[in-house]
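Structure record follows, encoded as structure tokens.
The values are calculated or read from the model by the stated rules, or taken from the named source; none is laboratory data. Treat the numbers as computed from the prediction; the structure is a model and nothing was measured. Cβ placement follows ideal geometry from the backbone for every residue including glycine, while neighbour counts extend to all protein chains displayed.
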Amino acid sequence: MLRISPTDTPPAPMAAGQGWPLFSTAATRQIERDCARRLPPHQLMERAGLAIAKLALAIAPHAQRIWIACGPGNNGGDGFEAAAQLKAMLPHAQITVSEVRTPAELPSDAQISRDKARQAGVQWLHDAPVDLGSQDLCIDALLGIGLSPRPLDKASAAELRLLQLLAQVRQCACSVLCVDLASGLDADTGQYLREFAPGHIAARQARHTLALLTLQPGLFTGQGRDACGQIWWDDLGCGIAGTPGTTNPAAARPTAHLNTRSSASSSARPHDSHKGSFGDVAVLGGEGLGLRGLSMTGAAWLAALAALHAGAGRVMLALLDEALAQGIAPWPEIMLRRPAAQDWGQATVVCGCGGGEAVQAWLPHILSQAPQLVLDADALNAVAASPTLAQQLSQRAARQHGTVLTPHPLEAARLLETSTTQVQADRLQSCLQLARKFQCTVLLKGSGTVVANPRQQVWINASGNARLATGGTGDVLAGLIAALWAQDRSADMAAIEGAFRHGQLADRWPADRPFSASALAMRLGEQ
Ligand SMILES: NC(=O)C1=CN([C@@H]2O[C@H](COP(=O)(O)OP(=O)(O)OC[C@H]3O[C@@H](n4cnc5c(N)ncnc54)[C@H](OP(=O)(O)O)[C@@H]3O)[C@@H](O)[C@H]2O)[C@@H](O)CC1
Ligand SMILES: Nc1ncnc2c1ncn2[C@@H]1O[C@H](COP(=O)(O)OP(=O)(O)O)[C@@H](O)[C@H]1O
């Protein structure tokens, strides 16, 4: 069993950008069939139950009261099996189970495990325990990857009971261990089915999830991170292809990879190098007060500051309001330029941060000149509003000009001519769709940032937290990606690595130090 976390070192060498393989529900089903075929009957569920029981005791080593909510399918079967195993390990503890379905309706594996739990002396409850508050651990084995949408107005008694038990699981004050994934969450998208979505952000409940056989994308993006908490993974002894240390050539292909680590430190520079060895980053953005009375120059400064601290050899900043670009820069290392004086064909360009409306006029030139281009914020909005710019953007790949788009969900929605809800409903597919549409690398921001390229490769970033949900951190990310790209990374690797470092810094931020985007930018060099 492994703890999946950006703070732990994986058990075997795994380069940044390679990452943990993540499998869709369909691929997981295929792997499950393969494994079941190679094992004696009921073995998989026995192994699953044992793994859950062991993790339960690791999470709550002194537990005397454990409540297990068991659903109507094999996820419930895993719960029954865990109950039986826990009772054998802790004969004097109160192990209680509430179930959704009558035994006759259960799948056969689940029925066998249910009988084992009965025989082991597990206590059956009609509802949740009356003393819900005094439980030491709750196990959510209501729904796993078998979740499917269904009309709420025609809900059966069993479906209503399941929803009621889930509500009670969410009320527990103790830690919750979810079997396979949090009930009601779609394993492919990381979104709850509507009727299962909690009414509030349930960040206060300590949550763990034990993923069985495979890791799935939904655990790590969208609503998945809050829903599942700390992720653990057990391959149930089956060895999954693509995972370090295993050789099983399972036919199923991962749909994405989870990046949990950074590549080599940026401080490892050859002696025989100079500032030209580490690339030029040129930032264009920052609408001034003059145009609409909305100053956004800070955003462009943040991108430049990030590029500087992330190790770019030279950083140039061209502000869209010339009046603001006079005098000495607050950071003298950053070279101020008039937009017309900058050679946009000779640098890795960041365009759009705080660009407002003023950036539009420059986009045709930037799109045709910049060999490596990070497009952010208002540059993305301008592309979304102009079919001509959109076409110019898509044509860059054919000229071997690289582009990284860094939209947040609303910017992505504008580019895809859809809604933010639709983008968030399937973050991986939205990101892939953008990568195909514009033939470039796309980084879709938010909890569980997604990176995709037109070759259908997808990564999810494991680092980062809601500390980043403050103005300006996206500008810092754009500058960081440009600096990594200007040095020696590919566009994909700059996006993957940039997202990871950005999030990792936020994860390691000292609790007593105020967090801001500029403080973040200035600490980029510390890693
Ligand atoms: N099989 C194996 O070898 C292994 C399986 N493993 C475990 O099995 C899990 C998968 O089991 P699964 O396929 O039975 O699906 P599961 O998640 O229990 O859900 C299906 C049940 O939920 C119900 N249901 C669905 N949607 C609903 C809704 N909206 N609202 C209400 N009810 C809804 C659905 O109802 P029905 O369609 O039958 O009416 C059905 O009864 C997997 O996550 C892992 O934990 C591991 O042990 C590894 C080996
Ligand atoms: N809840 C969160 N968890 C993880 N990362 C987050 C969260 N909220 C925001 N972020 C990250 O913070 C950054 C915000 O970028 P963006 O929305 O463009 O802000 P701005 O335009 O103010 O710079 C992105 O990298 C995003 O992924």
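What to note about this one:
- Selection of the range 463-494 for residues being of a type in the set (S, T, N, Q) and either surrounded by fewer than 19 Cβ atoms within 10 Å (Cβ to Cβ) or closer than 27 Å to Ile4 by Cα (or both) yields Ser463, Asn465, Thr470, Thr473, Ser490.
- Within the range 387-433, helices (runs of 4 or more DSSP H) holding 3 or more residues that are buried (at least 19 other Cβ atoms within 10 Å of the Cβ): 409-416
- Residue in the range 505-514 that is in contact with an Asp or Glu (Cβ under 7 Å, 6 or more places away or on another chain), surrounded by fewer than 24 Cβ atoms within 10 Å (Cβ to Cβ) and outside any helix (DSSP H, G or I) present: no
- Each residue in the range 62-85 was checked for being within 16 Å of ligand 1 (Cβ to nearest atom) and not small (Gly, Ala, Ser), and 9 of them qualify.
- Criterion (assigned to a loop (DSSP other than H, G, I, E, B) and either within 16 Å of ligand 2 (Cβ to nearest atom) or within 30 Å of Leu2 (Cβ to Cβ) (or both)) met by exactly one of Leu143, Leu166, Leu177: Leu143
- Where a residue in the range 400-412 is more than 13 Å from Ala382 (Cα to Cα) and its partner, wherever it lies, is assigned to a strand (DSSP E or B) and at pLDDT 95 or above, with Cβ under 6 Å and at least six apart: Gly402/Gln372; Thr403/Leu373; Val404/Val374; Val404/Thr441; Thr406/Leu443
- Residue within the range 46-59 that is within 22 Å of Leu163 (Cα to Cα) and buried (at least 22 other Cβ atoms within 10 Å of the Cβ) present: no
- Under the condition of being assigned to a helix (DSSP H, G or I) and within 11 Å of Gly355 (Cα to Cα), the residues counted in the range 292-317 number 4.
- Cβ separations smaller than 6 Å between residues 6+ apart or across chains give the following pairs from the range 146-160 residues that are more than 16 Å from ligand 2 (Cβ to nearest atom) to residues that are acidic (Asp, Glu): Leu152/Glu195.
- Residue that is nearest to ligand 2 (Cβ to nearest atom) [pool: residues in the range 91-134 that are part of a loop (DSSP other than H, G, I, E, B), more than 20 Å from Gly184 (Cα to Cα) and modelled with pLDDT of 95 or more]: Ala93
- Subset of the range 436-462 [surrounded by fewer than 24 Cβ atoms within 10 Å (Cβ to Cβ) and small (Gly, Ala, Ser)]: Gly446, Ser447
- Output for the range 124-149, where each listed residue is more than 23 Å from Leu163 (Cβ to Cβ) and not acidic (Asp, Glu): Ser134
- Inter-residue pairs, beta-carbon under 7 Å, first part of a strand (DSSP E or B) and in the range 453-467, second at pLDDT 95 or above and of a type in the set (Phe, Trp, Tyr), 6+ apart: Ile460/Phe220; Asn461/Phe500
- When Asp378 is tested against (1) at pLDDT 95 or above; (2) within 16 Å of ligand 2 (Cβ to nearest atom); (3) not in a helix (DSSP H, G or I), exactly one condition is not met: (3).
- A single member of Asp280, Asp343 is farther than 19 Å from Ala377 by Cβ, in contact with a helix residue (DSSP H, G or I) (Cβ under 9 Å, 6 or more places away or on another chain) and surrounded by 19 or more Cβ atoms within 10 Å (Cβ to Cβ), and it is Asp280.
- Being touching a Pro at 6+ places or on another chain (Cβ under 6 Å), more than 18 Å from Val374 (Cα to Cα) and not basic (Lys, Arg) holds for only one residue in Gln439, Gln456, Gln429, Gln424, and it is Gln424.
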